[in-house]
1. For A:Leu764, only one of the following conditions fails: (1) away from every other protein chain (no Cβ under 14 Å); (2) open to solvent by less than 50 Å² (accessible area, probe 1.4 Å); (3) outside any helix (DSSP H, G or I). What is its number?
2. When the residues of the stretch A:732-751 are filtered to those that are at pLDDT below 85 and surrounded by fewer than 20 Cβ atoms within 10 Å (Cβ to Cβ), which remaining residue is farthest from B:Asp68 (Cα to Cα)?
3. Mind listing whichever residues of the stretch B:63-118 are assigned to a strand (DSSP E or B), under 23 Å from B:Gln204 (Cβ atoms) and more than 10 Å from every other protein chain (Cβ to nearest Cβ)?
4. If you scan the stretch B:39-62, which residues turn out to be away from chain A (no Cβ under 14 Å), buried (at least 21 other Cβ atoms within 10 Å of the Cβ) and over 9 Å from B:Leu225 (Cβ atoms)?
5. What are the residues in the stretch A:711-761 that are within 14 Å of chain B (Cβ to nearest Cβ) and among the aliphatic types (A, V, I, L, M), if any?
6. Could you list, in sequence order, the residues of the stretch A:118-132 that are under 22 Å from A:Thr219 (Cα atoms) and either open to solvent by 20 Å² or more (accessible area, probe 1.4 Å) or over 26 Å from the mean Cα position of the chain (by Cα) (or both)?
7. Which numbered condition in (1) surrounded by fewer than 22 Cβ atoms within 10 Å (Cβ to Cβ); (2) assigned to a helix (DSSP H, G or I) is the only one that A:Gly214 fails?
8. Restrict the check to the stretch B:123-130 and report whether at least one residue is more than 13 Å from chain A (Cβ to nearest Cβ) and either more than 22 Å from the chain's Cα centre (by Cα) or open to solvent by 60 Å² or more (accessible area, probe 1.4 Å) (or both).
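The values are calculated or read from the model by the stated rules, or taken from the named source; none is laboratory data. Remember, predicted model here, so these are calculated numbers, not experimental data. Glycine also receives a Cβ, built like all others from the backbone with ideal geometry; neighbour counts cover every protein chain displayed. Surface areas here come from the heavy atoms of the whole protein model, side chains and all, with no ligands, DNA or RNA. Shrake-Rupley method; radii C 1.70, N 1.55, O 1.52, S 1.80 Å.
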Amino acid sequence: MFRLTWRNLLARKVRLLMSTLAIVLGIGFLAGVMTFSTGLNATFDNIVYGSTSDAVVRPAGDVQGTSSGVSTDQVVTPADVDKLAALPEVESAVGSVDGVGSYLLTKSGRALTGTGAPTLAFNYAPSENMAGEQILELNQGRWPEQADQITLDTSTAERGGYTVGDTVTMFVPTGDPRQTFTLVGTADFNGGGTAGASLVLLTTPEAQKIFLDGEDAFTSVSLTGADGVSQTQLATAADTVVPEGFTAVTGDKVAQETQEQIGQFLDVISYFLVTFAVIAIVVGAFIIFNTFSILVSQRVRESALLRALGASKGQVTRSVLVEAFIMGVIGSGIGVLLGLGVARVVAWVFRTLFGLDVSGEVLTLTPWTVVAGFAVGVVVTMVAGFVPAWRAAKVPPVAAMRDDLVVQEKGMARRLALGAVAMVVGTALVVLGLVGAPGTDAIWIGAGAVIWVVTTAVLAPVIGYPVLVVCRAVFGAVFRTPGRLAGENALRNPRRTGATASALMIGLAVVSAVGVLASSLSATQDAIVDDQFKSDFLVQTPTFQGFNPEFGDQMQDVPGVDLVSRQQGTPVSVEVDGSPDQTFASGVDPAFFQIYDLTMLDGTDQISGDQAVLSDSRAADLGARPGDTIDVQFPGGRTIPLEVRGVFEGTPTTSGLTVPLSVLEQAGIKRSDSQLSITIDPGADRAAVKKDLEAVVKDLPVLAVQDKVEFKELISGQVNLLLGMIYGLLGLAVVIAVIGIVNTLGLSVLERTREIGLLRAVGLSRRKLRWMITLESVAIAVLGAVLGMALGLVIGVVLRESLKDDLTELSLPLGNLALFLVVAVIFGVLAAIVPAIRASRMKVLDAIATE
Amino acid sequence: MTEEASGEATPGVAASAHDLVKVYGKGDAEVRALDGVTVDLMAGEFTAVMGPSGSGKSTLMHCLAALDAPSGGEAVVDGTSLGRLKDKDLTTLRRERVGFVFQSFNLVPTLTAEENILLPLSLAGRKPDRAWFDQVVDAVGLRPRLGHRPSEMSGGQQQRVACARALVSKPSIVFADEPTGNLDSTSSAEVLGFLRRSVDEFGQTVVMVTHDPVAASYTDRIVFLADGTIVDELRNPDRDAILEKMASLQDIAANRSAG
């Protein structure tokens, strides 16, 4: 039996190659994203462990400043550092100075940093990581030695077009914003890349000038333990001499904290990518199922002959399953290798779009990836091949002797009945999700939606019938007889057409559902902006990082400007139900309340000194009412009791806790602006004022002055970027589905050799024959697209309904859907190219004469 | 329609072969399926081409019907020499001037009987001549079956649909390749009777390849082929004469292979 299986595989090389391609692509994608995720994690691990010393002395408290985008005024004096260094447990103590709010420009004056990963500016001082290696390693040139010298990480220098000796422009958070330095060298973290972050190394005095107003002090201290001293011993010893407001923590703890922070973000990326790999594999499974079904039905006589010669049902089933197994192994093997390439492409996309840099060295196949790739590939192929294999075994031996060779398939009645039941179950789950069953609504709806998609795939032969009838009518009217014949061909084997179209259907269902959500998100944000954009202009950076207050000062002086409201955001910690809860607070100036009139539910919005207003939801969390006092801990560790003055109705653009800017200053947070809201004088020329405002920030391209329309565009641009990425990832599933159409058409053409010959004999020209095949392909593609889009719309609308607290507006992307239909038709035409050429090359006589 | 004067077009000749040669394979594997066949097939006649298996009768028909290209010689249909025609012109010629009836796989399974009959016309984008269509349909006795698909009809009925399709475009010549090969005797008689009537009543030219003496006995003339050449012919044959001829051809072939 095995030899026969092998011969069968060899005899159908091309067809199997095409369906193996579906596995190759699906597994290639899966292995690729797994490799990328592993590499991404490895990159961050290398950085985290490679850049952390044995112990760190840093400001006490639950909220860390620098990593959250604020600088504080807590400092360690050189004397404190000396005291630490004098401890017997300490081998060396190195003071560091860092801060936020620096931005680099490229050599040609465009924004180099500030649009993605952060810019880390600090003083260079040689220090060792936990493994006893230097944290930073020089790549080229030297370390900064004078105030106007700077060393950058290699990748940032390259991206900025800088070589050693060039003049580098950097915007700094305090004093005169624009500073220039001479690039004297490039360096990297010991562990390799920076994952896209930019490193800016300065001399200690220069860093102190920029971040500490020239005070001779440090923001933290890195400790290296003496021989035989553990991290815990080191931290405990250091804790005895650290200054007020500081604490010593072990390097392991720092690394662990960082990993936890990054880990969530990395997991989101992995799950996001793996989701699309799974979709691609499911689509691939449909193609494999379909190919095997067709192959089996073409081999009825052979199967019957085997049965007549004494093969058991099991043997026939196994022979098909072994074929599937071999295909799965070969496809997965190629796919896993392909994954290495895919991982590099994904890495390239992340680097280009988000500046997230993962080096090729860590993109290697792990045993886990290889095992997972093979397991998924082989199992999926065999599961997809099972039903056809079982059907092959059911052929009665007598069929070998008969002329009319058709695999007897059960009527649609049972399928329809089961499908109807499944549809009801799916709908019930969706409804449960909508009415708020326990747990996450989206999970209920998602489960229901998956059942819908699968059921639609199973029922495609039935519910797709009207679509195909319309296709037949339209084709017949437009393309006369070849069109009519194509329509008939698509209808003659509804199972095959349905299964082929289902592959495309799945892809388009997801595309459309995502389209509805994205479109609703854009509409919701437009509505929010319309409602909340009370000022004439907003000034901010794309990543909402702080910038030098000097810009706000200059803007205040622009003629025609009425109010400039300064806002500075900071993470804070409050106590909810006895445990610390991290949240976000806005420090605002009085002008804020003149521009934005908050809807007060209780109390007043007149705040000054140690006072705050809360949103209704935050007030409920804290159980606070006007007149109560709440304790708020700020970065740097200082806790300030604040009197609640009022409760306002929360909106998507207000933060739960709003305080006067003076509170932030009191907490020791360095002034910097996260956002400026600007109104103009009545009668002032908007365009002229905007021009003048833009002139203030023209040197710092990362800072933008936006009016309402531009702000909307910015937001919809972000939504569209994400949407574009999702569509790109789903494109793979669509490509696999198109391969399925090519496969089915190719097999159908072979199967209909005689019929095609007959048509040619009675006068169908080659051109019209190609049209006929192409139109059949278009019919399949249109069926898949229509079913997928209809289902996707419903799923999208239902998901939006469950998310309507966040997505207040519903918007259907009808224009996009029309575009998808056109794209589906184009894919249909492309899929038909090879089968149509093959069919038209067939000699009329061969077609008729083959017995 | 381009009239390619063949120079030798004789009035009353529907199709002709001039020194037609068809070679398959190369070297040792070379098979001369047709080895210089010259024959005129007369208009308004029912002609049978007979011969033992491998005699080249099907190849002759395929070459004359523009389904296959000969290796040498000339095939002329309705005054048009096929040698110089491109695929497109051959397709047009098949559609407009030639009708076909094959042994099996004769109909497009997705179309009804009526649609199958009208297929050559609809491919050409021509309006069917309704009166002629009715006449043909009544002649094959298929009126009650016009809306049926091939799978709902018997083999005989299917073959009659194929005959009607061959006639409906009023071709110059109809080629039938073993049209009764898959049919029982009753159905065979119906089909052959219809072909006979189409010659007698409509003046159609029909050329039929067969090895069945009963089928051949319906014709006006039989051309016998053996080893790729024409060896004999019979006019107004009866069954005994045909059997006798066939038997002698078999003997010649047997002797040749023995010697």
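1. Looking at each condition in turn, A:Leu764 falls short on (1).
2. Filtering the stretch A:732-751 for residues that are at pLDDT below 85 and surrounded by fewer than 20 Cβ atoms within 10 Å (Cβ to Cβ), the one farthest from B:Asp68 (Cα to Cα) comes out as A:Glu751.
3. Those that are assigned to a strand (DSSP E or B), under 23 Å from B:Gln204 (Cβ atoms) and more than 10 Å from every other protein chain (Cβ to nearest Cβ): B:Ala75, B:Val76, B:Val77, B:Thr80, B:Ser81, B:Val101.
4. Scanning the stretch B:39-62 gives B:Leu41, B:Phe46, B:Thr47, B:Ala48.
5. Passing the criteria: A:Ile756, A:Leu758, A:Leu759, A:Ala761.
6. The answer is A:Pro118, A:Leu120, A:Ala121, A:Phe122, A:Asn123, A:Tyr124, A:Ala125, A:Pro126, A:Ser127, A:Glu128, A:Asn129, A:Met130.
7. (2)
8. Narrowing the stretch B:123-130 to residues more than 13 Å from chain A (Cβ to nearest Cβ): B:129-130.
Restricting the remaining residues to those that are either more than 22 Å from the chain's Cα centre (by Cα) or open to solvent by 60 Å² or more (accessible area, probe 1.4 Å) (or both) gives B:129-130.
Yes, some residue in the stretch B:123-130 is more than 13 Å from chain A (Cβ to nearest Cβ) and either more than 22 Å from the chain's Cα centre (by Cα) or open to solvent by 60 Å² or more (accessible area, probe 1.4 Å) (or both).
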